[in-house]
Structure formats: C-alpha cells, structure tokens
Amino acid sequence: MYRDDDRGPREMHKVTCAECGKETEVPFKPDGTRPVYCRDCYQKRKPRRF
C-alpha cells in the first residue's frame, strides 16, 4: 500500500563485514545472529541464478 518514497530516507546502520572486515552500511539493524557482508562480499557469496 505504501511506496518506498513515501517513507522518507532509510535509516542506515554501520557494520563491519564478516568476511573482509571493511566498514559498510546496511539498511537494516543487524540482530547479531547472522553475519553481515559488504556489497562486494555479498555478491561473491550469493548463489548465481541460471
């Protein structure tokens, strides 16, 4: 029902990538139960679609 631009800017959270250690920001608050990756490491880890 709501469009993304109706909510205003996303709240970003600073995190350290679990793979390379680089500091990055993500649009969600990590809960500490799962690793968080920077964009580059995430792209390397996600399964490719065929």
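Each reported figure results from applying straightforward, stated rules to the coordinates on display, with no laboratory input. Values in this document were obtained by computation on a predicted structure and should not be read as measured data. Virtual Cβ from ideal backbone geometry, glycine too; neighbours counted across all protein chains shown.
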Next item on the list: May I ask which residue of T33, P47, H13 lies farthest towards the positive end of the charge dipole of the chain, with charges of +1 (Lys, Arg) and -1 (Asp, Glu) on Cβ and the Cα centre as origin?
Entry: P47
Checklist line | Cα radius of gyration and Dmax for the chain (Å) | finding: 13.5, 38
Item checked: Relative contact order (percent, whole number), the chain, Cα cutoff 8 Å, 6+ residue spacing -> 29 percent
Checklist line | Computed [θ] at 222 nm, deg cm²/dmol, the chain (DSSP H ≥ 4; -39,500 (n - 2.57); rounded to nearest 500) | finding: -3500 deg cm²/dmol
Next item on the list: Can you tell me how much longer the chain between D40 and A18 gets when fully stretched, taken as 0.36 nm per residue apart minus their C-alpha distance, in nm with one decimal?
Entry: 6.7 nm
Notebook entry, point to check: Whose amide H sits under 5 Å from the amide H of H13, counting only residues 5 or more places off or on another chain, with H placed in the peptide plane?
Noted result: V26, F28
